[in-house]
1. Taking only protein heavy atoms into account and a 1.4 Å probe, give the accessible area per residue of segment A:2-82 in Å².
2. Count the net charge of all other residues whose Cβ sits under 12 Å from the Cβ of A:M134, scoring Lys and Arg as +1 and Asp and Glu as -1.
3. Can you spot the aspartates and glutamates whose alpha carbon is less than 14 Å from B:K62's alpha carbon? Ignore those fewer than 8 places along the same chain.
4. So which aspartates and glutamates can B:K29 reach, going by Cα to Cα under 16 Å and dropping same-chain residues fewer than 8 places off?
5. To the nearest 0.05, how large is the calculated FRET efficiency for B:H32 and A:N126 if R₀ is 51 Å and r is the Cβ-Cβ distance?
6. I'd like the projected area of segment B:2-61, averaged over all directions, using the convex hull of its alpha carbons. Report it in nm² with one decimal.
7. Under a no-solvent Debye model with one identical scatterer per Cα of segment A:68-156, what's log10 I(q)/I(0) at q = 0.20, 0.21 Å⁻¹?
8. Do you know which residues of segment B:1-45 lose at least 40 square angstrom of accessible area in the protein assembly compared with their chain on its own, with a 1.4 angstrom probe?
Amino acid sequence: MQTDSLIERLVNELKPVRLRTVWTDAIALIALGVVELGLFLALGMVRPDMPAAMHLPSFWWKLISLGLIALVSGTVAIMSLDPVRLPRRGLRWIVTLIAACLAVGWMLDASRDGFSALLTRLDWPNGLECLYTMVALSMPAVIGLGLLMRRGAPTDRSGTALAAGLAAAAWGAFVFVFECPFDDPFFVAVWYSLSCGAVTLFTRITLPRLTRW
Amino acid sequence: MWLRRYYTGRLPPVAIDDAIQEALIAVHKKRHTYDPSRPFGAWLAAIARYKWIDAARSLGAKPTEVLSDDIAVPDHEEAIVSARSLDQLLTTLKPAQSQVIRLVKLQGLSIEEASKATGQSAALVKVNIHRGLKRLTSLLRSVSDAD
């Protein structure tokens, strides 16, 4: 087809569109998060010892770290849906943030009774259950961010998918914090990292293929 | 057009039109991501760059074929030299003679067809061919004697 006739065809097909802004995307994502968290809490999934857990530093470490990672990653992912903005610098900030969160966890862990019973502390059966639940809780965010990616125009699809994966994984883990009865930083660092890593890897592989434009 | 200038030098000439059209379709589909309060050029350049990377990747992914030796034609230097020599020899003849020799002896037309093509009578065509060939023979003999 000749370029001139293509331009003519596109001009004839021109219809008014609703502009995409960072805020509309952010509001859609926040609404999705609120609905998921609300349903999760309404279903009575909150850990029974919540009042006691709220006095533990490791509980707040989990909640604040994952909330921050979800917030920063989500912001980077949404910002990079604009073709002019690339996510690479934001991804460096996310990596720094994750390293800082893990360092804080290590400091909390160091104040406990040594590293002798690491395998016992891993608690495989419960750890695997945590992993499955966190992956399941991340899926609404993965789908939501995937839809936003399809509508947006990310020019670095791999980078945006990575940020979206980190955001969705951190969000799923953040929601799970309200149910998870384990506050051992070592347990959290291992199982939460595995869950977040799996969701991020899945998103990083699938979203660039599904959001090609 | 700005897009053509952008892709010229970045992509092989055969891929430029496709890349331009891909970029135009992308601009059309993703026009809701353009914020009118910001410069249009930067937005268009980002999309053009994205489509350039896409085109370069797909060009790299296409398999290249190694040309086999069978494609090469046999040496035809001798045929070319002969054709050029004959051409030069024919220029030494009268135009009417060289014209009918080309038509009948080189292109394979019949006497009647050459007669129609040149407007000469059939008898004159035969005479011109005969005289022309005789003249060429004498020319070649004189050259070989001189050698």
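The values are calculated or read from the model by the stated rules, or taken from the named source; none is laboratory data. Predicted model, so just to flag it, every value in this text is computed and none were measured. When we count neighbours, we look across all protein chains shown, and the Cβ atoms used for this are built from the backbone with ideal geometry, even at glycine. Calculation scope for accessible area: heavy atoms of the full protein, side chains included, ligands and nucleic acids excluded. Shrake-Rupley method; radii C 1.70, N 1.55, O 1.52, S 1.80 Å.
1. I get 60 Å² per residue for segment A:2-82.
2. -1
3. Within the straight-line limit of under 14 Å, B:K62 reaches these aspartates and glutamates: B:D54.
4. Leaving aside aspartates and glutamates fewer than 8 places away in the same chain, those within reach of B:K29 are A:E8, A:E13, A:D82.
5. 0.65
6. In nm², the orientation-averaged hull projection of segment B:2-61 is 4.0.
7. Taken in order of the listed q values, log10 I(q)/I(0) reads -1.04, -1.08.
8. Checking the loss per residue gives B:Q21, B:L24, B:H28, B:K30, B:R31, B:H32, B:T33, B:R38.
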